[in-house]
């Protein structure tokens, strides 16, 4: 997901110090996670939560305070016997995760602090399809700088940048191999986003799934996240981890054949899901012209009872149900979560989708729910991936600082 | 996969002894794997391979010899300076893995020693479809006892029994939830196979995939294994591990919709892959009557140039190609391996399968190969899963012995 965390290189004859250093790093992470999940907590409470001595925890906490990752809120419960403990909380002024999204119709950037709060945000609406990567990413760089500046004015500093892109991303986590709905090929975002920040690029459906996993209410560790807008992507989460595939291309639900003799698709296939349930396919089927805020237009028409629009959405739901039957049969997820822009159309998509899935599956069908984050999921997931990397290895901050 | 390995329970205040015991178990496994992969090896060679002192390795080796897992072949390279080392090899007389398979048309059992050699085998041909689990498993128990007896006469003892079944297996690894082509439901094989051996039951495609992974020549760690006979199953291997799904039902390729308006399927869906590429569907399409050795009959007719049979196989390949396009898009495996009985028909299936997959996939297509184990894969994978469990935790043998 995020920038890899390296232990400093070490000769093969020095296994023990390396092990100790690794253990210290892990214990720093355990302290951060304990305070992040349950804080504010006293040092004694942290020690009892993670099973270390209070003295050991104090040393770790002092380090985390020095790095600006934890802060002391002042004396706690002064009525108790003994030296009063000071409550610890995750800092709201330390590192921030910068998330960015390259959408087909917009650019967005946000900063999320270690407490998970969005502290700054910038959006630019306007079509990106067919534009070269350079001008689009120059605009994105400007937005990133603006958000970083706003975060810095709040006492935060950027720990890294994660960018969500609607396309296939190489396993180097910086090259966009192919983004058909932007018409980008082999674009190295590392070179085109000169922000000076550690960079991670990932597919927008992957970041949407991570937002669901980390921030969603009761999300199971095994689910299929569908991210539908102009393209239809998906992300497969297994045991709380993204399934990436050999080249990093897993989750291409949009190109699962639904009606094998159907219309040709940009991918080279025929009758792919995107030809029936992608945003533009639905607009075509509904007899509408593409324009800005396509989803808003479809929702408005459907809400007004437009028969053609409702039929188009019903048929898109059927196509989604057929493709998801195959996916559920292959992956046996605990649930399917519908995210992305089309999540806003779920009142008209879900009935036919769910009935198709139920009719085609023997036994209890896989439940389908709608993401509470909708189109915000990928941006939030991107920013939180940077925050999670800090919580998972707080020492990385000291190495960079 | 195999019987879970438990550390003995321990109070929370005694973390250190538990850690040491865990480390010793892991070191025993490292010795076993080193000798298994590269043996015969001297103690000194094992020590240098795994980075422990020769004294530490000698203690571990003595234990493994005492348990009957390693044996000494006698002095090695006596010309060298110093006390001659004795070459160590994996024992050909210690524990054996007992694999069994419940096929629609046969039962099979084999014993594999720690060196990976098949040392005993028994097969019974005859249809099992529609028979109740009890008589079928009584016959299987008889075969298991016969194979165990033969193995014992060779100085081996059975370390466990693993059974491959063409159906959905619960995550308890003993209950057959549904095996449509046997017409079995909710059968507890733990109760019905009174062999006294530790038991693991798994889907036959899963065991076939493990045979491919462990025994195949150059099998990558990420692949999709298709196991096609009357039913069509698949197994998804990611990073060298089976993807099992929430309920253990992942890999149901046979019920991926291919032509959504196609004929109804036993699963409750329509137009599933099994309706086009399952053994019986192919026989129907070829105008042949089901009987024994269906695959042999199809291969013979196809080889003789029978146009109807060739067309049926070509169309089955097309349906497989459509279903696999969806699977490859979702999973991005490094390769697809065609196993099971239909692997014997690959000369007539593969061309249409591969061209469908290539035409429908943008960029370089996913390579498709034919399993070298064919219908033997599940049985071999089952037996080897028991052997691997011994290599992965040799101390478990001592606990049981």
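The values are calculated or read from the model by the stated rules, or taken from the named source; none is laboratory data. Owing to the predicted nature of the structure, the values given are computational and were not obtained by experimental measurement. FYI the Cβ positions are ideal-geometry reconstructions off the backbone, even for glycines, and counts take in every protein chain you see.
Working only within region A:223-254, note down all residues that are out of contact with any strand residue (DSSP E or B) (no Cβ under 7 Å at 6 or more places or on another chain), under 21 Å from residue A:384 (Cα atoms) and part of a loop (DSSP other than H, G, I, E, B).
Within region A:223-254, A:239, A:240, A:244 qualify.
Would you mind telling me which numbered condition in (1) within 14 Å of chain A (Cβ to nearest Cβ); (2) free of Cβ contacts under 8 Å to residues at least 24 places away in the same chain residue B:305 fails?
Failing condition for residue B:305: (1).
Kindly provide the set of residues from region B:178-216 that are in a strand (DSSP E or B) and crowded, with 17+ Cβ neighbours inside 10 Å, ordered by number.
Across region B:178-216, the qualifying residues are B:178, B:179, B:184, B:187, B:199, B:200, B:201, B:202, B:203.
Have a look at B:264, B:257 and point out the one that is without any contact (Cβ under 8 Å) to a residue 60 or more places away in the chain, touching a strand residue (DSSP E or B) at 6+ places or on another chain (Cβ under 7 Å) and either buried (at least 24 other Cβ atoms within 10 Å of the Cβ) or under 25 Å from residue B:207 (Cα atoms) (or both).
That would be B:257, the only listed residue that is without any contact (Cβ under 8 Å) to a residue 60 or more places away in the chain, touching a strand residue (DSSP E or B) at 6+ places or on another chain (Cβ under 7 Å) and either buried (at least 24 other Cβ atoms within 10 Å of the Cβ) or under 25 Å from residue B:207 (Cα atoms) (or both).
Tell me, which residue of region A:343-363 that is in contact with a helix residue (DSSP H, G or I) (Cβ under 9 Å, 6 or more places away or on another chain) and not in a helix (DSSP H, G or I) is nearest to the other protein chains (Cβ to nearest Cβ)?
A:362
With the structure loaded, tell me whether residue B:383 is out of contact with any helix residue (DSSP H, G or I) (no Cβ under 6 Å at 6 or more places or on another chain) and away from chain A (no Cβ under 14 Å) or whether it fails that test.
yes
Being within 11 Å of chain B (Cβ to nearest Cβ) and over 22 Å from the mean Cα position of the chain (by Cα) narrows it down to one residue among A:245, A:271, A:233; which is it?
Result of the check over A:245, A:271, A:233: A:271.
Does region B:217-230 hold any residues that are within 12 Å of residue B:334 (Cβ to Cβ), surrounded by fewer than 24 Cβ atoms within 10 Å (Cβ to Cβ) and either touching a residue at least 40 places away in the same chain (Cβ under 8 Å) or within 16 Å of the chain's Cα centre (by Cα) (or both), and which are they?
Selection gives B:219, B:220, B:221, B:222.
Kindly evaluate residue A:319 against the criterion of being over 24 Å from the mean Cα position of the chain (by Cα), part of a helix (DSSP H, G or I) and within 14 Å of chain B (Cβ to nearest Cβ).
Yes: the conditions hold for residue A:319.
Among the candidates A:260, A:220, single out the residue that is more than 7 Å from every other protein chain (Cβ to nearest Cβ) and either under 18 Å from residue B:366 (Cβ atoms) or part of a loop (DSSP other than H, G, I, E, B) (or both).
A:220
For residue B:340, which of the numbered conditions (1) touching a strand residue (DSSP E or B) at 6+ places or on another chain (Cβ under 7 Å); (2) surrounded by fewer than 18 Cβ atoms within 10 Å (Cβ to Cβ); (3) more than 14 Å from chain A (Cβ to nearest Cβ) fails to hold?
Residue B:340 satisfies all of (1) touching a strand residue (DSSP E or B) at 6+ places or on another chain (Cβ under 7 Å); (2) surrounded by fewer than 18 Cβ atoms within 10 Å (Cβ to Cβ); (3) more than 14 Å from chain A (Cβ to nearest Cβ) except (2).
What tally of residues in region A:326-342 results from selecting those that are within 19 Å of residue B:244 (Cβ to Cβ) and either in a helix (DSSP H, G or I) or touching a helix residue (DSSP H, G or I) at 6+ places or on another chain (Cβ under 9 Å) (or both)?
Of the residues in region A:326-342, 8 are within 19 Å of residue B:244 (Cβ to Cβ) and either in a helix (DSSP H, G or I) or touching a helix residue (DSSP H, G or I) at 6+ places or on another chain (Cβ under 9 Å) (or both).
Considering only region B:105-143, state which residues are more than 24 Å from residue B:231 (Cα to Cα) and assigned to a loop (DSSP other than H, G, I, E, B).
Within region B:105-143, B:114, B:115, B:116, B:117 qualify.
Does at least one position in region A:156-167 carry a residue that is at pLDDT below 95 and within 18 Å of the chain's Cα centre (by Cα)?
Yes: region A:156-167 contains one or more residues that are at pLDDT below 95 and within 18 Å of the chain's Cα centre (by Cα).
Residues in region B:173-198 that are in contact with a helix residue (DSSP H, G or I) (Cβ under 8 Å, 6 or more places away or on another chain) and without any contact (Cβ under 8 Å) to a residue 40 or more places away in the chain: how many?
So the count comes out to 2.
Need the failing condition index for residue A:239 against (1) closer than 26 Å to residue A:371 by Cβ; (2) surrounded by 18 or more Cβ atoms within 10 Å (Cβ to Cβ); (3) at pLDDT below 95, just the number.
Among (1) closer than 26 Å to residue A:371 by Cβ; (2) surrounded by 18 or more Cβ atoms within 10 Å (Cβ to Cβ); (3) at pLDDT below 95, the lone unmet condition for residue A:239 is (2).
Any idea how many residues of region A:267-283 are out of contact with any strand residue (DSSP E or B) (no Cβ under 8 Å at 6 or more places or on another chain), buried (at least 24 other Cβ atoms within 10 Å of the Cβ) and within 17 Å of residue B:358 (Cβ to Cβ)?
0
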